[in-house]
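Chemist: There's a structure below that I have some questions on.
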Amino acid sequence: MDDQHLEEIVNAVLKELAAMGIAPSSRTARSAPARPGESPPEVVIDLGDPATPAARGSPGVNHPADSDGLTALMETTPARIGVGRSGPRLRTRSLLLFQSDLAVTQDALMRDVDIKLLDEFNLFRVQTRITGGKQEYLLRPDLGRQLSNEARRVVAERCVKAPNIQLCVGDGLSAAAIEANLRKIFPVIEAGCKTGGLSLGTPFFIQYCRVGVMNDIGDLLHPDVLILLIGERPGLGRADSMSAYMAYRPKSGDTDAERDVICNIYDGGTNPLEAGAYTLQLAQKMIRSQASGVKLKLMEK
Ligand code: B12
């Protein structure tokens, strides 16, 4: 396609937009194509930030039959409804919002938890059997369920044995989740142990962590209850949700049937302060009943 043809198409689109009352600003108007030797014309997409709360909530449907109804419906859910379309395609705004939300998710998944945060709580760091970084972590969940030999040695050396409560923190699938919630939940669990007369083991952090690593920790430290705070799989644009997986006297061979989970811990879901209190309450129940998971549920019946 030659430049002249391209220019004709652009002008036709601009004319159509003007007829629809959507006047492109002078910043978006396309200047003549660059001649050889000239620098190319600046192309500016004059579109507001689609990720602001106001932009997220504003309907993208042109001329909706029930504008108030559509806005009210959109307020009931973070799902991407009422986004409109441009012909058969997504509007640029929707596409950019999707890409920016996906970036939040990938960022939370691929980066490491801030070391300063771990230092604040004196959490020493060990690793699972993953040696090839996040890519291997994603491809080999089996290796994320086992502590490395070095980790076993360090944990056995540094941690108090057979406490009532052993608290561990794992990156899991979201560094952002740990960063968003640890400062709130950690002190509540610590204080709850004190007031409940429960001994708290030596807490530590596990990099490249999967839930199943709880068995290895159980074999090494023999706690009554193990609490593993771990980053949940992030949703699109929602990366700060953490879970507390718990088990009574975990050991090799245990499955998720022996575990419980308190999920969706974040401001806006299960509040991290309340989650801390509830975690301790459940731990006490596990100790009283000497059970967790399905066995504990069946005892409640
Ligand atoms: C991924 C996922 C699954 C996957 C796990 C696949 C895998 N091997 O990774 C599948 C589809 C198999 C699954 C199944 C179930 N899940 Co599920 N799952 C999730 C999800 C979306 C993310 C979990 C996560 O990020 N884990 C962290 C990563 C790092 O852990 P991981 O080591 O990679 O994977 C382990 C955990 O995901 C664990 N797990 C997953 N679900 C559950 C549920 C329970 C009760 C337990 C103890 C463990 C557990 O299983 C994996 C292997 O050990 C959460 C949603 C959320 N908001 O957390 C729901 C969630 C945890 N699951 C839930 C439920 C109810 C179940 C089932 C009991 C459903 C059913 N009736 O069959 C089963 C139980 C499965 C089991 N493992 O025994 C609920 C738990 C509610 C609660 N508070 O008890 C959640 C919160 C979803 C929800 N909002 O209802 N799940």
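The values are calculated or read from the model by the stated rules, or taken from the named source; none is laboratory data. Predicted model only: the values in this text are computed from it and were never measured. Cβ coordinates were reconstructed from backbone atoms using ideal geometry, including for glycine residues, and neighbour counts include every protein chain displayed.
Chemist: Quick check on this structure: which one of 271, 264 is away from the ligand (no atom under 13 Å from the Cβ) and within 21 Å of the chain's Cα centre (by Cα)? Can you show your working first?
Modeler: On the way: 264 fails: away from the ligand (no atom under 13 Å from the Cβ).
Within the list 271, 264, the selection yields 271.
Chemist: Does at least one position in region 164-180 carry a residue that is surrounded by fewer than 22 Cβ atoms within 10 Å (Cβ to Cβ), at pLDDT 95 or above and over 30 Å from residue 103 (Cα atoms)?
Modeler: Yes, region 164-180 contains at least one residue that is surrounded by fewer than 22 Cβ atoms within 10 Å (Cβ to Cβ), at pLDDT 95 or above and over 30 Å from residue 103 (Cα atoms).
Chemist: Any idea which residue in region 241-261 is farthest from the ligand (Cβ to nearest atom), counting only those that are touching a strand residue (DSSP E or B) at 6+ places or on another chain (Cβ under 9 Å) and not in a strand (DSSP E or B)? Give the derivation first.
Modeler: First, the residues of region 241-261 that are touching a strand residue (DSSP E or B) at 6+ places or on another chain (Cβ under 9 Å): 241-250, 254, 256, 258-261.
Okay, now just the ones that are also not in a strand (DSSP E or B), so 241, 249-250, 254, 256, 258.
Values: 241: 6, 249: 15, 250: 12, 254: 10, 256: 3, 258: 8 Å.
Filtering first and then ranking leaves 249.
Conditions tested, residue by residue: (1) in contact with a strand residue (DSSP E or B) (Cβ under 8 Å, 6 or more places away or on another chain); (2) over 22 Å from residue 252 (Cα atoms).
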residue	(1), (2)
116	no, yes
141	no, no
149	no, no
162	no, no
206	yes, no
210	yes, no
217	yes, no
220	yes, no
224	yes, no
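Chemist: If you don't mind, there's one more thing I want to ask. Kindly indicate whether residue 176 is in a helix (DSSP H, G or I), of a type in the set (A, V, I, L, M, F, W, C) and under 22 Å from residue 145 (Cα atoms).
Modeler: When the stated conditions are applied, residue 176 passes them.
Chemist: I'd like the full set of residues that are within 16 Å of the ligand (Cβ to nearest atom), in contact (Cβ under 8 Å) with a residue 40 or more places away in the chain and more than 16 Å from the chain's Cα centre (by Cα), limited to region 182-227. Even if it seems obvious, please write down each step before you answer.
Modeler: Pass one, region 182-227, residues within 16 Å of the ligand (Cβ to nearest atom): 182, 185, 205-218, 225-227.
Now narrow it down to the ones that are in contact (Cβ under 8 Å) with a residue 40 or more places away in the chain: 182, 185, 205-217, 225-227.
Across region 182-227, the qualifying residues are 185, 205, 206, 212, 213, 214, 215, 216, 217, 225, 226, 227.
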